[in-house]
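Q: Quick one: the structure is below, and I'll ask about it shortly.
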Amino acid sequence: MNFNKKSPWILHYDGSSCNGCDIGVLACLTPLYDVERFGVINTGNPRHADILLLTGSLNAQNIPVVQQIYDQMPEPKVVAAIGICATSGGIFAECYNVVGGVDKVLPVDVYVPGCAARPQAIIDGVVKALSILDEKQNALKGR
Amino acid sequence: MGKRTVIPFGPQHPVLPEPIHLDLVLEDEKVVEAIPQIGYIHRGLEKLVEKRDFKQYTYVAERICGICSFMHGMGYCMAVEGIMEIEVPERGKFLRTIWAEVSRIHSHLLWLGLTADAFGFESLFMHSWRLREEVLDLFEQTTGGRVIFSVCDIGGVRKDIDAEMLNTMVSVLTRMEKELRDLTDVFLNDMSVKHRTVGVGVLSKEKAQETGAVGPMARASGISVDMRTLGYAAYKHLQFEPITAEAGDSYARMEVRIGEVYQAIELIRQCVELIPEGDVITKIKGNPNGEHFIRLEQPRGEVIYYVKANGTSFLDRFRVRTPTFANVPALLETLKDCDLADVPILILTIDPCISCTER
Ligand code: SF4
């Protein structure tokens, strides 16, 4: 098993969400769900992050920001789209300033449904992301 | 006088989950000026009224912001009801008030946690959010959702709360109140917390008036404004006074918000005592035609909704002026001459909600 499977560090960025999913992500860190006991740490620094959690849809102004965060993360990395906004644009898909889901710009590995996504679902998404992270790590080793 | 340096702050930064960008102009360690730049979360949902009919739009209005989601839905519904001259049944109004006050508790606890995090008091953050989860459980039991409820509808509310649940709510909140007292003690009396908040980011009464601050920001500077005193929903039946403080610093703003949590619990108690039996929603007929303007008190302050309808099922125009937008000039005022290290806590004391500001 790879070391980062034991303790993935996550980075959260809010695309253009309504906050509903953001506070779901934050709630995962608080005592009721407490993912830190599994070694999951929320970091603010892209260089430290293994998993990128994105909430909300993308618009022209935040695409470069998201792209930059993604580029700054070291390999292997996993992207998880949290909530239906990040998946497809959701209820806002027809808004003039919404480009669409995260997968318009970044390769998304895990989609977490829900509006708002529940903390349980988000944790499940992170767990799914772990095995993908593991695969990517092994692929890197083989190179 | 030192050389001027510009430090970009954001859009991705550790203070808030939401992106905001500020250019901080510094002279040594002092901030001389802060230039905000927004637009990272703009979706353009006001224009969505042209694609969703006025009944469907209730659910879009709720998603203006996931923290005050209930109140956004309620404000929009009240505006449409104003146009169509619909009288909401009394029980519906009381239920709206109860949910609105529960939202206020959840929002203020969320803010208290984030503030504690901003001055580096992690366990206080955890405890505030632990309490908040109990409030979210109440929401889940009564509406089925944690943050987005879809329970407010034009003409009333879509779900009733039975008497047993209402009593459970009161007993849960009473228990919470006890735990909250311990937290309050830390927030208001702990030396290190005071060190970070007392005298930091003072907004004088004059400046608050001049910049048009609203909500707790204005009340902490001694201006007694609270839209709830207008008596919308069931507030006209309830006894309360706006909570104010004089100092206008970060500490005073914390004091006001903590006071409002207790006030909200008290208001819910009053509602549960006074709530009449009856229907919770009236049927609506036809389409709205005309315009209406509504002011509400959200956790962050006064919010304004404007709706213009043309007799079809699609509205002409929907407009929101959110409290954070009104508080940004006041924020820039407090940022002047502050230390760079105090910037995160100052940004937090206006309780910023970027998502509703940019919509
Ligand atoms: S999925 Fe729903 S709750 Fe999440 S950001 Fe979008 S609108 Fe908000």
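Q: Can you list the trypsin sites (Lys or Arg not before Pro) in the stretch B:1-94 that are in a DSSP coil and have 16 or fewer other beta carbons within 10 angstrom? It would help to have the intermediate numbers written out before the result.
A: Working: sites: B:K3, B:R4, B:K30, B:R43, B:K47, B:K51, B:R52, B:K55, B:R63, B:R91, B:K93; in loops: B:K3, B:R43, B:K51, B:R52, B:K55, B:R63.
Here the sparse-neighbourhood loop sites are B:K3, B:K51, B:K55.
Q: List the lysines whose alpha-carbon lies under 22 Å from that of B:K30, not counting same-chain residues fewer than 8 positions away?
A: Correct list for B:K30: B:K3, B:K194, B:K207, B:K336.
Q: More than 24 Å apart: what percent of Cα pairs in chain A qualify?
A: Working: 2548 of 10153 pairs.
Everything past 24 Å amounts to 25 percent.
Q: How big is the gap, in Å, between the Cα center of the stretch B:188-257 and the Cα center of the stretch B:115-140?
A: 21 Å
Q: Step by step: find N for the protein assembly as shown, compute 2.2 N^0.38 Å, then divide the Cα radius of gyration by it. What's the final number?
A: On the way: Rg = 22.4 Å, N = 502, 2.2 N^0.38 = 23.4 Å.
So the Cα radius of gyration is 0.96 times the expected 2.2 N^0.38 Å.
Q: Counting only helical runs of four or more DSSP H residues, what would the 222 nm mean residue ellipticity of chain B come to if each run contributes -39,500 (n - 2.57) and the total is spread over all its residues? Present the calculation step by step, with values, prior to reporting the outcome.
A: Details: 12 runs with 169 residues, N = 359.
Dividing the helical sum by the residues of chain B leaves -15000 deg cm²/dmol.
Q: Would you work out which of A:P64, A:V127, A:G114 lies farthest towards the positive end of the dipole of chain A? Charges go on Cβ: Lys and Arg +1, Asp and Glu -1.
A: Of the candidates, A:V127 comes out farthest on the positive side.
Q: OK, next. Would you order B:S103, A:S17 from fewest to most other beta-carbon atoms within 10 Å of each residue's own beta-carbon?
A: Working: B:S103 24, A:S17 32.
Lowest to highest Cβ neighbour count: B:S103, A:S17.
Q: Another question about this same structure. Output the peptides B:349-356, B:79-86 sorted from most to least packed, where packing is the average of other Cβ atoms within 10 Å over each peptide's residues. Don't skip to the end; give the middle numbers.
A: Details: B:349-356: 26.6, B:79-86: 19.8.
Output ranking for B:349-356, B:79-86: B:349-356, B:79-86.
Q: To check you understand DSSP bridge types, tell me what percent of the beta bridges within the protein assembly as shown (both residues inside) are antiparallel, rounded to 5. It would help to have the intermediate numbers written out before the result.
A: Values: 34 of 49 bridges.
That works out to approximately 70 percent antiparallel.
Q: When the convex hull of the C-alpha atoms of the stretch B:126-274 is computed, what volume per residue in Å³ does it have?
A: 136 Å³
Q: Go through the stretch A:53-119 and name the chymotrypsin sites (Phe, Trp or Tyr not before Pro) that are in a DSSP coil and have 16 or fewer other Cβ atoms within 10 Å of their Cβ.
A: Details: sites: A:Y70, A:F92, A:Y96, A:Y111; in loops: A:Y96.
Passing sites in the stretch A:53-119 are A:Y96.
Q: Treating only the Cβ of Lys, Arg, Asp and Glu as charged (+1, +1, -1, -1), what charge dipole size does chain B show about its Cα centre? Round to the nearest 20 debye. Don't skip to the answer; put the middle values down first.
A: Values: 41 positive and 52 negative charges, 196 e Å.
Value, rounded to 20: 940 debye.
Q: Can you give the charge dipole size of the protein assembly as shown about its Cα centre, rounded to the nearest 20 debye, using +1 on the beta carbon of Lys and Arg and -1 on the beta carbon of Asp and Glu?
A: On the way: 52 positive and 65 negative charges, 210 e Å.
Roughly 1000 debye, rounded to the nearest 20.
Q: Only loop residues by DSSP count here, and only those with at most 16 other Cβ atoms within 10 Å; note down the GluC sites (Glu not before Pro) in the stretch B:277-307 that meet that. Don't skip to the answer; put the middle values down first.
A: Values: sites: B:E277, B:E291, B:E297, B:E302; in loops: B:E277.
Passing both the DSSP loop test and the Cβ count: B:E277.
Q: A follow-up question, please. Taking only C-alpha pairs under 8 Å that are 6+ residues apart, what is the relative contact order of the stretch B:179-284 in percent? Intermediate values should be presented prior to the final figure.
A: Working: 113 pairs, mean separation 28.7, N = 106.
Computed value for the stretch B:179-284: 27 percent relative contact order.
Q: For B:F9, B:F325, B:F293, what ranking results if the residue with the fewest other Cβ atoms within 10 Å of its Cβ goes first? Intermediate values should be presented prior to the final figure.
A: Numbers: B:F9 18, B:F325 23, B:F293 12.
Fewest-to-most Cβ neighbours within 10 Å comes out as B:F293, B:F9, B:F325.
Q: Over the stretch B:4-358, what relative contact order in percent results from Cα pairs under 8 Å that are six or more residues apart? The partial results should precede the final answer.
A: Details: 668 pairs, mean separation 89.7, N = 355.
25 percent.
Q: Next question. Give the cross-link partners of A:K6 among the lysines, using a straight C-alpha distance below 17 Å as the criterion and excluding same-chain residues fewer than 8 apart.
A: A:K77, A:K128, A:K136
Q: If the reach is capped at under 29 angstrom between alpha carbons, list the lysines near B:K283, excluding any in the same chain fewer than eight residues apart.
A: B:K47, B:K51, B:K55, B:K93, B:K159, B:K236, B:K308
Q: In addition: Take every DSSP beta bridge with both residues inside the stretch A:34-140 and express the antiparallel ones as a percent of the total, to the nearest 5. Before the final figure, lay out the partial values.
A: Numbers: 1 of 9 bridges.
Counting only bridges with both partners in the stretch A:34-140, antiparallel ones make up about 10 percent.
Q: Need the C-alpha centroid separation for the stretch A:88-143 versus the stretch A:9-44, integer Å.
A: Answer, in whole Å: 14.
Q: So for A:I23, B:I223, fewest C-beta neighbours within 10 Å to most, what's the order?
A: Fewest to most other Cβ atoms nearby, the residues stand as B:I223, A:I23.
Q: Continuing with this model, one more query. What percentages, rounded to whole numbers, describe P(r) for the stretch B:15-95 computed over all alpha carbon pairs with 5 Å bin width beginning at zero?
A: Values per bin, smallest distances first: 3, 11, 14, 17, 13, 10, 9, 8, 6, 4, 3, 1, 0.
Q: Using the Karplus equation 6.51 cos²θ - 1.76 cosθ + 1.60 (θ = phi - 60°), what ³J(HN,Hα) coupling, rounded to whole Hz, does each residue of the stretch B:283-294 give in order, writing x for Gly and Pro?
A: Whole-Hz 3J(HN,Hα) from phi for the stretch B:283-294: 6, 10, 10, x, 10, x, 9, x, 9, 8, 9, 10.
Q: For chain A, what is the mean residue ellipticity at 222 nm derived from helices alone (per DSSP H run of n ≥ 4: -39500 (n - 2.57); sum divided by total residues; nearest 500 deg cm²/dmol)? Please report the intermediate quantities before stating the final value.
A: Values: 5 runs with 52 residues, N = 143.
One gets -11000 deg cm²/dmol as the mean residue ellipticity at 222 nm.
Q: Taking just the alpha-carbon atoms of chain B, what radius of gyration and Dmax come out, in angstrom?
A: Both quantities, over Cα of chain B: 20.5, 69 Å.
Values quoted throughout were computed directly from the atomic coordinates according to the rules given, and no laboratory measurement underlies them. Worth saying up front: this structure is predicted, and the values here are computed from it rather than measured. Cβ: placed from backbone, ideal geometry, glycine included. Neighbour counts: every protein chain shown.
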